[in-house]
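Data block below; observations after.
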Amino acid sequence: MRRIAVVVALATLTALAACSSKEKEVDPPAELANFPATLRVQKAWDASVGGDGEKLRLGLGVTALDGRVYAAGREGDVAAFNLETGRPLWKVRTKTLLAGGTGAGHGLVVVGSSEGVVIALDAADGKEKWRTKVNGEILAAPAVGERAVVVRTVEGRLRGLAPDTGKELWQFEQQIPRLTLRGTAKPVIAGDAAFCGFDNGKVVAVNLADGSPLWETTVAPSRGRTDLERLVDIDSAVRVEGSNVYAVGFQGRVAMLARDSGQIWWAQDASSYRGLAVDDINLYISTADGDVVALRRNSGAEQWRQSGLAHRGLSAPVVTDNYVVVADFQGYVHWLDKNTGEFAGRAQAGGTRVSNPPMAAGDRVFVINDEGRITAFKASPIAVAEARPVKEAEPARRRGPPSASEPIEPPAGTPSGEEAPRGRGNGG
């Protein structure tokens, strides 16, 4: 009876939220505008692993390792491609609805399903090594380590599985709120520990050998009178860099924590359900409102803010040598200068929303859209004399209003808007 009551309460709350959203004016996505391109972006190759394109907030990203790109599709296909050429190396049908993947490492490629099935494949040829059932939908790629495969499920559990057999080694649980965003943070393995963010606004570190807690830190305390106001989900992977851990949450904060103790060194108000990227100097965030923000790594001081992609449903950013790359709800991929936030180049990846972060490897950027189409891009600088206007959003602003830019009509399509927060359950 208790479970039924909770489900009914969640359904009622979600319905009220939906009614409220109809009364509230929805901010339109920023129109694309002209800018002088300084990068020539070319498609190197593309391929597909299939998918239904539904707005399910699935965690089906791509992974690169040892000259290969691994990807998984909603309908159960897992495939490997040559990183440089896109040549298919193997493809396997798992015959299950996949929702989290791909994790790769130590000779394995691991994916998870909506029904809580974890599948490990041989990275060399795709042959299935083992298959394990756990309780709870898997909406993030498993982390693959030498000592354990770490899986996060929607009900707030981390599980450590034996890499050779899939047998459960340990389990760690966090209490989660009754209302959360759909999505879960991908666990990260660094050294002898696994790190992960949770829907209660906490980041935890656990011992990789037995799952015992090393520390847990509240990055964003829950505040507000309603369940909607108290949402503080950390739904994106933390970044472990040297002796520090970086995390960002929805309606919460972005923070730098000590890797050994979880102590917060600095924190700034921020809201993101997509995530962040880090380089040697800065960290970069795609905010819930569609800004791309650069903060100094060691202090959190804002360096620049690009607001020209507001409300375009941005992916998490990825960092290349000189650029920050994000994708949006219409499949456009945007290259921003790391130093200034100015737009440098743009390309399109299939015309369908990109939910999962782009991936950078070598001189390539890889994007997988919600229909399971993978596109590999290669960018090269354009000489000043060759620079030409490209349809794009307005330039970044540095401590001041954005400069004027001639708007153009956006391409055909409707604003995606993210799904309303909803209660946990199989399939959300």
Is one or more of the residues making up the range 132-139 in a strand (DSSP E or B), at pLDDT 95 or above, charged (D, E, K, R) and under 14 Å from Val78 (Cβ atoms)? no
Criterion first (in a strand (DSSP E or B) and either of a type outside the set (Phe, Trp, Tyr) or out of contact with any His (no Cβ under 9 Å at 6 or more places or on another chain) (or both)) does Ala124 satisfy it? no
Going by the conditions given, is Gly350 within 17 Å of the chain's Cα centre (by Cα), closer than 28 Å to Asp46 by Cβ and in a loop (DSSP other than H, G, I, E, B)? no
Meets criteria (more than 25 Å from Asn200 (Cα to Cα), buried (at least 22 other Cβ atoms within 10 Å of the Cβ) and touching a Phe, Trp or Tyr at 6+ places or on another chain (Cβ under 7 Å)) for Gly331: no
Considering only the range 295-324, how many residues are over 15 Å from Ala277 (Cα atoms) and free of Cβ contacts under 8 Å to residues at least 24 places away in the same chain? 1
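For (1) within 16 Å of the chain's Cα centre (by Cα); (2) closer than 22 Å to Ser113 by Cα; (3) touching a residue at least 60 places away in the same chain (Cβ under 8 Å), each residue gets a yes or a no:
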position	(1), (2), (3)
Leu158	no, yes, no
Thr165	no, yes, no
Arg178	no, no, yes
Lys186	yes, yes, yes
Phe198	yes, yes, no
Ile234	yes, yes, no
Answer with yes or no whether Ala327 is without any contact (Cβ under 8 Å) to a residue 60 or more places away in the chain and farther than 30 Å from Ile264 by Cβ. yes
Selection status of Asp289, surrounded by fewer than 18 Cβ atoms within 10 Å (Cβ to Cβ), among the acidic types (Asp, Glu) and not assigned by TED's automatic domain parsing to the domain that holds Ser355: no
In the range 263-307, residue nearest to Pro358 (Cα to Cα) [restricted to those that are among the charged types (D, E, K, R) and either in contact with a strand residue (DSSP E or B) (Cβ under 7 Å, 6 or more places away or on another chain) or in a strand (DSSP E or B) (or both)]: Arg274
For residues that are within 14 Å of Lys127 (Cα to Cα) and polar (S, T, N, Q), tally how many sit in the range 59-116. 1
I'd like the full set of residues that are surrounded by fewer than 18 Cβ atoms within 10 Å (Cβ to Cβ) and touching a residue at least 40 places away in the same chain (Cβ under 8 Å), limited to the range 261-277. Ser261, Gln263, Ile264, Ala267
Hey, Val41 modelled with pLDDT of 95 or more, part of a strand (DSSP E or B), surrounded by 13 or more Cβ atoms within 10 Å (Cβ to Cβ) and assigned by TED's automatic domain parsing to the domain that holds Thr352 or not: yes
Regarding Leu257, is this residue closer than 22 Å to Pro177 by Cβ, crowded, with 17+ Cβ neighbours inside 10 Å and out of contact with any helix residue (DSSP H, G or I) (no Cβ under 6 Å at 6 or more places or on another chain)? yes
With Arg93, Arg159 as the choices, which residue is surrounded by 20 or more Cβ atoms within 10 Å (Cβ to Cβ) and of a type in the set (Lys, Arg)? Arg159
Hey, does the range 235-249 have a residue that's among the aliphatic types (A, V, I, L, M), part of a loop (DSSP other than H, G, I, E, B) and surrounded by fewer than 18 Cβ atoms within 10 Å (Cβ to Cβ)? no
Provide a single number: the residues in the range 64-105 that are touching a Lys or Arg at 6+ places or on another chain (Cβ under 8 Å), farther than 24 Å from Thr153 by Cα and assigned to a strand (DSSP E or B). 4
Look at the range 347-363 and say how many of its residues are crowded, with 19+ Cβ neighbours inside 10 Å and among the charged types (D, E, K, R). 1
Picking from Val117, Val149, which residue would you name as being modelled with pLDDT of 95 or more and out of contact with any Lys or Arg (no Cβ under 7 Å at 6 or more places or on another chain)? Val149
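The values are calculated or read from the model by the stated rules, or taken from the named source; none is laboratory data. Keep in mind that what you see is a predicted model, and the values were worked out from it rather than measured. With ideal geometry, Cβ positions are generated from the backbone for all residues, glycine too; neighbour counts draw on all protein chains shown.
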